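A.B. asks: Have a look at this one before I ask anything.
The values are calculated or read from the model by the stated rules, or taken from the named source; none is laboratory data. This structure is a prediction, so every number in the text was calculated from the model and none was measured. In this analysis, Cβ positions are derived from the backbone assuming ideal geometry, glycine residues included, and neighbour counts consider all displayed protein chains. What goes into the accessible areas is simple: the full protein's heavy atoms, side chains included, and nothing from ligands, DNA or RNA. Shrake-Rupley method; radii C 1.70, N 1.55, O 1.52, S 1.80 Å.
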Amino acid sequence: MSKNLGEVINHIMEENSTKRVLIITNHLHIFGTIHDYHNKCENCHDCLIALKDVKVAKLDEVCKCGKAGCECNLEVFVAFDWFNVNTNAIVGFSILG
């Protein structure tokens, strides 16, 4: 039996004492803080990860110039107080310290 992706991400974050995450979907680049709903929500869906204090950008709009101190992406990212991600759409993630 496999765990759902939200549980896997939560476990890795607990091991690293952080709640910040970078999530990549086929179309979006998402930075945020995982909302701690574990054991608090009986109606939460396993297929969704709730994020707060989120910045989202389309992958094709993210600058790849690689210059030190690059500020090209400052206007590309849109801020959201809350953002839900379907775990089936996630193609990669990284836990941020």
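A.B. asks: What pairs come up if the first residue lies in the stretch 45-73 and is open to solvent by 90 Å² or more (accessible area, probe 1.4 Å), the second is among the polar types (S, T, N, Q) and assigned to a loop (DSSP other than H, G, I, E, B), and their beta carbons are under 6 Å apart, counting only those six or more places apart or on different chains?
C.D. replies: If the second residue must be among the polar types (S, T, N, Q) and assigned to a loop (DSSP other than H, G, I, E, B), the pairs left are 46/4.
A.B. asks: Do the conditions hold for residue 35, that is, is it open to solvent by less than 90 Å² (accessible area, probe 1.4 Å), touching a strand residue (DSSP E or B) at 6+ places or on another chain (Cβ under 7 Å) and at pLDDT below 85?
C.D. replies: yes
A.B. asks: Does the stretch 15-28 include one or more residues that are modelled with pLDDT under 80, open to solvent by 50 Å² or more (accessible area, probe 1.4 Å), of a type in the set (Asp, Glu) and out of contact with any strand residue (DSSP E or B) (no Cβ under 6 Å at 6 or more places or on another chain)?
C.D. replies: No, the stretch 15-28 has no match at all.
A.B. asks: Still on this structure: Just to be sure I understand, how many residues within the stretch 74-97 are open to solvent by 50 Å² or more (accessible area, probe 1.4 Å) and not in a strand (DSSP E or B)?
C.D. replies: Summing the residues that are open to solvent by 50 Å² or more (accessible area, probe 1.4 Å) and not in a strand (DSSP E or B) in the stretch 74-97 gives 4.
A.B. asks: Something else about it: Got a number for residues in the stretch 38-71 being among the acidic types (Asp, Glu) and either part of a loop (DSSP other than H, G, I, E, B) or modelled with pLDDT under 80 (or both)?
C.D. replies: Qualifying residue count for the region: 3.
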